Amino acid sequence: MEYLALPPGLVTTTTAALACGVRPATIRDWVRRGLLTRVGGTPKRPIYRLADVLAAHAAPKPSRPGQRAVDHVA
């Protein structure tokens, strides 16, 4: 169950993913990699600042050896 109401500027994992056009697993990956920090909620229902989510989305992502390149077409 999602939260019924959050203060302005805070989002759940699902809403953060929708805002960035990615899957919720990507948001959780950004947290694991240190690109995004939870600001509240519970371990199963974390909450993030929308500004932090958008900054993580825009941040350059570190690459790993052997990782496939992704072409971004504007």
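The values are calculated or read from the model by the stated rules, or taken from the named source; none is laboratory data. Please read all numbers here as calculations on a predicted model, not as lab measurements. Ideal geometry is used to build each Cβ from the backbone, glycine not excepted, and the neighbour counts take in all protein chains shown. Quick note on the areas: whole protein, heavy atoms, side chains included, nothing else; ligands and nucleic acids left out. Shrake-Rupley method; radii C 1.70, N 1.55, O 1.52, S 1.80 Å.
When the stretch 6-40 is examined, which residues are found to be open to solvent by less than 50 Å² (accessible area, probe 1.4 Å), assigned to a helix (DSSP H, G or I) and among the aliphatic types (A, V, I, L, M)?
Result: ALA16, ALA17, ILE27, VAL31.
Can you name every residue in the stretch 48-74 that is more than 10 Å from the chain's Cα centre (by Cα) and at pLDDT 90 or above?
Hits for the stretch 48-74 are ALA51, ALA58.
Could you list, in sequence order, all residues of the stretch 41-53 that are open to solvent by less than 80 Å² (accessible area, probe 1.4 Å) and among the charged types (D, E, K, R)?
Of everything in the stretch 41-53, just one residue is open to solvent by less than 80 Å² (accessible area, probe 1.4 Å) and among the charged types (D, E, K, R), namely ASP52.
Can you run down the residue pairs with Cβ atoms below 6 Å, 6 or more apart or on separate chains, where the first is in the stretch 1-29 and of a type in the set (Lys, Arg) and the partner is modelled with pLDDT of 95 or more?
ARG23/ALA17
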